[in-house]
Amino acid sequence: MSKVIARLAMSLDGYVAGPDSGVEHPLGIGGERLHRWVYDLRAFREAQGMTGGVDNADSRLLADWNARLGAVVMGRHMYLTGEQPWGDNPPFHSPVFVVTHHPRETLHKDGGTTFTFVTEGLEHALDRAREAAGDKDVSLAGGAHLVRQFIRAGLLDELLLHVVPVLACTGTRLFDDLGEKHIEWEKTAVLDSPEVTHIRLRALR
């Protein structure tokens, strides 16, 4: 069965987006700082339909992630903030299932991306994503609220954090509001580079 994996850039103090995240500021005000390390990587540029870029350990890690991806689940807020900047050729190149309370017709975009809007809840969205992914993995794209729902429900298998050496101090934190239950994770890999530290974790159930 495919795994459900979330990949997020995060500050040292646990923020994954800046304040006032919305259409005008998809990553929140100042949130671009958390993603600065990725913009010049070859794997990132290829996913955006561009050429060139740096081929280093960070890029190879991202390329491995892209190769594992079979389908995506995301929340409505992430879709609404990303719809305009993604344009007609979004970077997913796979089926995307948007968890929402607002029904909408499936959108077919260039590059193989389709957006299907699922109103029956996150578990139904995950079932559809697993079916679409086949033997590949399901990417839980976010935002943070949806990732927390998956963690609380015990549906997230792996977490890949890109920890950036900055204190954001404000914005959206990843691990808020998880309740009082003790949650165990196993560290399976760590890759350190000058701009970011990648930590891969597996949920212990």
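Just so you know, all these numbers are worked out from the coordinates, no wet-lab data involved. Being a predicted model, the structure only gives us computed values, none of them experimental. A quick note on method: Cβ atoms are made from the backbone with ideal geometry, for glycine too, and the neighbour counts reach across all protein chains shown.
Summary of values
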item	result
J(HN,Hα) series, segment 108-113, from Karplus relation 6.51 cos²θ - 1.76 cosθ + 1.60, nearest Hz, glycine and proline x	10, 10, 5, x, x, 7
Cβ-placed point charges (K, R +1; D, E -1), dipole of segment 82-205 about Cα centre in debye, nearest 20	180 debye
Cα gyration tensor, segment 4-193 - rounded (a/c under 1.5), prolate or oblate	rounded
Sites T119 and T51 - FRET efficiency at Förster radius 30 Å, r taken between beta-carbons, to 0.05	0.15
Partner lysines for K109 [C-alpha distance under 26 Å; skip if fewer than 8 residues away on the same chain]	K3, K136
Proximal charge balance of F115 [Cβ under 15 Å; K/R count +1, D/E count -1]	0
Net charge of neighbours whose Cβ lies under 15 Å from the Cβ of E32, counting Lys and Arg as +1 and Asp and Glu as -1	-2
Karplus-derived HN-Hα couplings along segment 38-43 (A = 6.51, B = -1.76, C = 1.60, θ = phi - 60°), whole Hz, x at Gly and Pro	8, 5, 9, 6, 4, 4
Whether segment 103-191 is rounded, prolate or oblate, judged on the alpha carbon gyration tensor where a/c under 1.5 counts as rounded	prolate
Exposure proxy ranking, count of Cβ atoms within 10 Å, fewest first, for D127, D177	D177, D127
Gaussian network model of the chain, springs between alpha carbon atoms under 10 Å - residue of A17, A141, A153 with greatest fluctuation	A153
